[in-house]
1. Go through segment 434-479 and count every residue that is outside any loop (DSSP other than H, G, I, E, B) and away from the ligand (no atom under 16 Å from the Cβ).
2. Any chance you could count how many residues in segment 289-341 are open to solvent by 10 Å² or more (accessible area, probe 1.4 Å), more than 21 Å from N149 (Cα to Cα) and of a type in the set (G, A, S)?
3. Looking at segment 322-343, I want the residues that are of a type in the set (F, W, Y) and have a partner that is open to solvent by less than 80 Å² (accessible area, probe 1.4 Å) with Cβ atoms under 7 Å, at least 6 apart or on another chain. Which pairs are those?
4. Pairs needed: first member in segment 428-443, of a type in the set (K, R); second member anywhere, surrounded by 21 or more Cβ atoms within 10 Å (Cβ to Cβ) and modelled with pLDDT of 95 or more; C-beta distance under 6 Å; at least 6 residues apart or different chains.
5. For segment 171-181, state whether one or more residues are assigned to a helix (DSSP H, G or I), open to solvent by 10 Å² or more (accessible area, probe 1.4 Å) and more than 16 Å from the ligand (Cβ to nearest atom).
6. Do you know which residues across segment 230-244 are more than 10 Å from the ligand (Cβ to nearest atom) and surrounded by 17 or more Cβ atoms within 10 Å (Cβ to Cβ)?
7. Just to be sure I understand, how many residues within segment 221-246 are in contact with a Lys or Arg (Cβ under 8 Å, 6 or more places away or on another chain) and without any contact (Cβ under 8 Å) to a residue 40 or more places away in the chain?
8. Go through segment 362-399 and give me each residue that's within 21 Å of the chain's Cα centre (by Cα) and at positive phi.
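The values are calculated or read from the model by the stated rules, or taken from the named source; none is laboratory data. What you are looking at is a predicted structure, and each value in this text was computed from that prediction instead of being measured. Ideal geometry is used to build each Cβ from the backbone, glycine not excepted, and the neighbour counts take in all protein chains shown. Accessible surface is based on the protein model in full, side chains and every heavy atom, while ligands, DNA and RNA are left aside. Shrake-Rupley method; radii C 1.70, N 1.55, O 1.52, S 1.80 Å.
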Amino acid sequence: MTTHFINNQRVPGSSGDTIPVLDPSDGQVFAHLARGNAEDIRKAVAAARKAADGGAWSQLAPVERGRLLHKLSDAILAHHDELWRLEMRDCGKPVKQAKLDATAVARYFEYYAGACDKLHGDTIPYTPGFAVMTFYEPHGVTGHIIPWNYPMQIFGRSVGGALAAGNACVVKPAEDACLSLLRIAELAAECGFPDGALNIVTGYGHEAGQALADAEGIDHISFTGSARVGTIIAQSAAKRHVPVTLELGGKSPQIVFADANLDEAIPVIINAIIQNAGQTCSAGSRLLIEASAYERVLAAVGQRIKALKVGPALTDCDVGPLIRANQLQRVNEFLASVRPERSEGSDARNASIVAQGSIVPEAPATGFYAKPTLIADVAADASLAQDEVFGPVLAAMSFKDEADAIRLANSTAYGLVAGVWTENGGRAMRMARAVKGGQVFINNYGAGGGVELPFGGVKSSGYGREKGFEALYGFSVMKTVVIKHG
Ligand code: NAD
């Protein structure tokens, strides 16, 4: 059984209760987590408080903090093989994706290592006889609630930024997948992180997660997860007037104009919906196609979808399993709501399946496999066009012109990422400015983008930004000092 990680030590859960961890590739239990509760959270927050309020962590010069983060980045790369294997089994990620995620978490710590001593305030011209300066100071103790879809990447971007800004962290990873993070916390201790700088409490959201959101002694909360739980977190934080960053879901459009370079666009569009089996906040899950190119694009995308193979993570197929049985059931319910085949004269009232990939015969029947699916003629107000499926399901619809494309792109409650495919530079720029979201990709798509690029949403996709240097402002608080010198 795994334990919490508090004050640089493995700490058993106070209740002794555990949570089984399933391998999504075969549905079998392969580990148990400590089922954390409010008492475990209290211990972790106390450890972090000590580190932040005069403890060794708070006494480090920024350059020394940066050196520790750099050491951790190197340690992660030195344990790359172990970490990607853990993530692969825990999340059901195909080998290629799991390796990429292990490299990305190292890159986050590398990026933020270099940023520690570059976050500085300003001087402000004021009344004669006064000097005014600003400081970016850490909040103190930051709480981080992490989902299961990219445990390492989201840990890296959220905790990396918070540590760089000088905070001590308490992390509540998802109950479905968090083994890699416990290992990274151990590596941090081996690298010399002072006691209490980085603490992890595992457990269910409604228990350990809720306790973290409600905990006295947490000064800032970074939540990455569903819009539903984001609302709960924001309400908890509001009671204590604690600032929150909400990184929530999306229904991101891929907008294809008739002049797009399809040879470049189509592989990217496919990857944006199958990456991590579609369980990506910024999955390009809506395909908006200019009417004159609609059938041509559907045919080209459909042809590639049909060739995709779904299988166990270790076989490194195009698509791995979904995280758990009820996620598969959710995807299947969406598929059951549309017609299984497209017929002549189909229209927007008759959404139908155009193409599906296949599950490899060696995939265990007890695993959670969903076929990548392209659905055409989806009405803009249908659940398939409005709600996150969180599976490899691409909903296509057509638009008449630029104005119609903007209307459709902005027609969901979400606003996270968008892709625009056109060879017309003026139109690309107009679309980039008109689409509501935190990131817009023109003739490319990053599904979250690089480590350096600020990321976050508008509307129900959340608020605040992580990634890039911008995140450091969110993980700090500005203090203004006014000196009267006469
Ligand atoms: P979720 O909201 O169910 O859970 C996320 C985390 O919150 C987990 O650690 C969970 O244990 C915890 N949690 C659940 N209930 C809680 C409560 N009452 N109090 C405190 N914590 C609680 O989301 P999920 O199913 O794990 O993840 C998928 C969702 O996350 C999708 O909507 C996806 O789009 C979103 N997501 C967003 C981003 C982003 O950067 N915007 C990145 C990844 C995932």
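1. Final tally of qualifying residues: 8.
2. 7
3. Between residues of segment 322-343 that are of a type in the set (F, W, Y) and residues that are open to solvent by less than 80 Å² (accessible area, probe 1.4 Å), the close pairs are F334/L384; F334/V389; F334/V393.
4. Matching pairs, first to second residue: K436/G415.
5. no
6. Hits for segment 230-244 are A234, A237, V242, V244.
7. Residues flagged as in contact with a Lys or Arg (Cβ under 8 Å, 6 or more places away or on another chain) and without any contact (Cβ under 8 Å) to a residue 40 or more places away in the chain within segment 221-246 amount to 0.
8. F390
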